[in-house]
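Notes for the one structure printed next.
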Amino acid sequence: MKLNQYIYNVNYQDYEEDLCALEIRSLFNCQLEGKVFFSSKEFDPSISPFLKTRLEIIYKTSTFSEIIELIKKDKVTAQDFVVKYLELFSGDPYNKKRRELCKEIGLIVQGFPSFTSPKTTFGISFYKGSWYFGILVANNSKWKAHNTKPYSYSSSIGINIAKVLLNIAGNGNFSKRLVDPCCGVGTVLLEGFFAGYDIKGWEIVSKVAENARLNLLHFNYLPKVTTGDIKDISESFDASIIDLPYGIYCHTTEDDQVKIIKNAKRISKKLVLVSSEDITYDILREKLKITDCCKISKNKNGSFFRHIWVCE
Ligand SMILES: C[S@@+](CC[C@H](N)C(=O)[O-])C[C@H]1O[C@@H](n2cnc3c(N)ncnc32)[C@H](O)[C@@H]1O
């Protein structure tokens, strides 16, 4: 019997804690307290830079031997399986015995184990006085390959932020139509396609738009990028993600930024805005409601900040 309950655990650098908390609020509608939480929502951890694992709970008991009895009673069966111990807190006393615990379970699950290419990974864990057994899914980290995209430029955002922006915009609902109307070389688009979001990009500079297409093609994604100005977009979207142009490469004035915000409001119900400057005044002047926000440091030194606003 499935309990439809999952245990997630997250990991982040200290300077990314607020970014992680914003993502968890957007995906799970809950506040992040510590690095472990329970949810009935099912997401692939790989859509996030911070979710490490998801354990789908099959059994929750007070003792390990009760888990063993339940596996026997229900004749739990799997082909090509492996059993892994999931350490959810540092100092977990059972982590030292993880090999014996996993072996004991492995011997009673019916079917053949496979340590090299398992089709099912069972997880066993001890957390806050209870034992949990279930199906374990880990973040596959394949998206990190996007760091080697052929075209990048100094103002490209990092892929951790890009992934979070998508989850804020789409709330994990892959049927939502998303747009990055100032997509640069396509950092957000790459993560969007990887996660399975329905997303399109626009970029005003034709060479940059071409580089975004080449980046997408490099990873076998459809190059859904139009060369053009946000003001000419006639489609409507559920949400737009805008890393506002700034700096010496973009030659953008405050007036240009305001026009971009106005147009984003015209084409989308929800806006996720990113800027290195505080543009709260401009957002409110456009009569947008700020529903969430955070200020994140770009690096450990805290020498460069980005603000994220979620607006409707
Ligand atoms: C900060 S960069 C985006 C970088 C992008 N997130 C990435 O990682 O590659 C902003 C981009 O907006 C583009 N841009 C500026 N004004 C625009 C407009 N009116 N319509 C569409 N794109 C615009 C710029 O050419 C620039 O590539």
The residue that is nearest to Lys128 (Cα to Cα), considering only those in the stretch 1-41 that are of a type in the set (Ser, Thr, Tyr) and open to solvent by 50 Å² or more (accessible area, probe 1.4 Å), is Ser40
Looking across the stretch 190-215 at residues that are within 12 Å of the ligand (Cβ to nearest atom) and in contact with a Leu (Cβ under 9 Å, 6 or more places away or on another chain), the single one that is farthest from Asp44 (Cα to Cα) is Ala212
If you go through Lys270, Lys289, the only one that is touching a strand residue (DSSP E or B) at 6+ places or on another chain (Cβ under 7 Å), open to solvent by 60 Å² or more (accessible area, probe 1.4 Å), more than 9 Å from the ligand (Cβ to nearest atom) and among the charged types (D, E, K, R) is Lys289
Glu16 fails exactly one of (1) modelled with pLDDT under 95; (2) charged (D, E, K, R); (3) in a strand (DSSP E or B), namely (3)
Picking from Asp243, Asp232, the residue that is of a type in the set (D, E, K, R) and in contact (Cβ under 8 Å) with a residue 40 or more places away in the chain would be Asp243
Over the stretch 49-97, the set of residues among the charged types (D, E, K, R) and within 16 Å of Ile7 (Cβ to Cβ) is Lys52, Arg54, Glu56, Lys60, Lys84, Glu87, Asp92
Being modelled with pLDDT of 95 or more and more than 24 Å from Asn11 (Cα to Cα) narrows Phe115, Phe81, Phe126, Phe122 down to just Phe81
Note: among Ser152, Ser156, just one is hydroxyl-bearing (Ser, Thr, Tyr), over 30 Å from Glu69 (Cβ atoms) and open to solvent by 30 Å² or more (accessible area, probe 1.4 Å), namely Ser152
Reported set for the stretch 171-181 where residues are away from the ligand (no atom under 16 Å from the Cβ) and closer than 15 Å to Cys311 by Cβ is Asn171
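Looking at the stretch 147-170, which of the residues that are over 27 Å from Lys41 (Cα atoms) and outside any loop (DSSP other than H, G, I, E, B) is farthest from the ligand (Cβ to nearest atom)? Working first, answer last.
From the stretch 147-170, those over 27 Å from Lys41 (Cα atoms) are 147-157; that's our starting set.
Restricting the remaining residues to those that are outside any loop (DSSP other than H, G, I, E, B) gives 147-148.
On the way: Asn147: 12, Thr148: 15 Å.
Top of the filtered list is Thr148.
The values are calculated or read from the model by the stated rules, or taken from the named source; none is laboratory data. Nothing here was measured: the structure is a model prediction, and the numbers come from that model. For neighbour counting, all protein chains shown are included, and Cβ atoms are generated from backbone atoms with ideal geometry for every residue, glycine included. Keep in mind that these areas ignore ligands, DNA and RNA; they rest on the heavy atoms of the full protein, side chains included. Shrake-Rupley method; radii C 1.70, N 1.55, O 1.52, S 1.80 Å.
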